[in-house]
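Single-structure report; data block below.
Bear in mind that the values in this text are calculations on the coordinates, not laboratory data. These numbers come from a predicted model, not from an experiment. Backbone-built Cβ (ideal geometry, glycine too); neighbour counts: all protein chains shown.
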Amino acid sequence: MGTEVESRFDAAPRETRYIPTLDGWRAVAIVVVMLQHASDQIPAALGEWIRPVTNVFRENGRFGVYIFFAISGYLITSLLLDELERTRTVSLSSFYIRRAFRILPPLLVVLAVFGALGVAGVIPMPLGKWLGSLFFVNNYTTGQTWYLGHFWSLAIEEQFYLVWPTVLVLSRNRVFRVCAALIAAVCIWRFVDSAFGLTESWPIYIDDRTDTRVDGLLWGCLLAIGCRDPRTRDLVARITAGWRWWGLLAVLAVTQAVDAEGVLAHNLQITVRPILIALLVVGTVVTPTTRLARELERPVWRWVGRISYSLYLWQQLFLVWDGQDVEALAWCQWFPFSVMCAFGMAVLSHRYIERPTIAMGRRLAARARRHPGEAPVTISA
């Protein structure tokens, strides 16, 4: 199976490459997030004996989001670079058409449903937070509601992708250095901000902000750029080969478990984390014949990965912490029915909204590439 995957990856046209390992990682990411959000429901249904386990996920559930960041940075940068190598141009209009049809239709449906539930008084739904979610600024808006709490991460991704393709285009052959400089700038700003309390008065959670967390995406971008060079790709493969992959995972676990005291130690901890996560993810991509990569490519994980975006959107309605549940939804906010409802809505969303609109976006993007309304951006490769 591993050999077949590797040959398929190498032989496929770059614009149509499918990397099944990343679907497996998407599944891991969304399961971690869902276990965090179900960390009160599971003990309530099964007993307090399991709470020490669910508390681990409650405290570390954001690792699922960080995995999504690494996947997204690596994959979209790879696709942009593939287009550049294939055509010597990057069509930004085609990119944004595909992105819009991928992200917006399922999101608009979810926001419409959540908004209607809010108007009906079923769930708390501050208008400002709802509008912030609609315009991808949820992570910089005030007002709190559990049911829109997850859109901070989508806001970071979409804000980043409003900027990153243009940066990649304009930086030309310096894109690796530009990406590295952006990572350095984020890390320095995060340290200065926390050391001098520059934004302490902001009513915005620092971990949700793009300016302090975008390095999680940038490390995936940097590895995507670096791995175009066979030497760098081989280096990443060696660093993450065999026991070394598990060693990196152990280092990640230790750095998270350590209670970092002081500004320097805390910043070192959150600076190292996205590096390790990106290496763990990309390491399985550059060596798809490993046992771990083959496990991630099992059909069940790939299926969960394919519906992971719809799962991300809908699970927040059903998987809630104590005190966030509402009486009107009690029947579907009780484990395991909460998980069944989340998967049910995700399957319907993926089948009847995501797949048709993604296909439509690809057709429109192909048409825009053939008949561009903008002059294609040519970059020397």
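Observations, loosely collected:
- Charge dipole (debye, nearest 20) of the stretch 227-375; +1 at Cβ of Lys and Arg, -1 at Cβ of Asp and Glu: 1240 debye
- Across the options Gln324, Leu313, Pro299, the greatest Cα extent toward the positive end of the charge dipole of the stretch 293-342 (unit charges at beta carbon of Lys, Arg, Asp, Glu) belongs to Pro299.
- Counting charges near Arg213 (Lys, Arg +1; Asp, Glu -1) among other residues having Cβ under 11 Å from its Cβ returns a value of -1.
- Kyte-Doolittle mean at least -1.0 and Cα axial length at least 24 Å: DSSP H helices in the chain: 20-37, 62-87, 92-119, 151-171, 175-196, 263-286
- Ranked packing of 202-211, 282-291, 66-75, 139-148, most packed first, by mean Cβ within 10 Å: 66-75, 282-291, 139-148, 202-211
- Where the Cα pairs of the stretch 2-378 fall when distances are cut into 20 Å bins, in %: 26, 61, 13, 0
- Ordered by the count of other Cβ atoms within 10 Å of each Cβ, fewest first, Leu154, Leu127, Leu311, Leu268 give Leu127, Leu268, Leu154, Leu311.
- Applying the criteria of a DSSP loop state and at most 13 other Cβ atoms within 10 Å to the GluC sites (Glu not before Pro) of the stretch 149-247 yields Glu200.
- Applying a 4.7 Å Cβ-Cβ cutoff to the chain, the cysteines left without a disulfide-compatible partner are Cys179, Cys187, Cys221, Cys227.
- Exposure proxy shown here: for Asp215, Asp325, the number of other Cβ atoms within 10 Å sets the order, fewest to most, as Asp325, Asp215.
- In this rough spin-label picture, where each label sits 7 Å from Cα along the Cβ direction, the Arg174-Asp211 distance is 2.4 nm.
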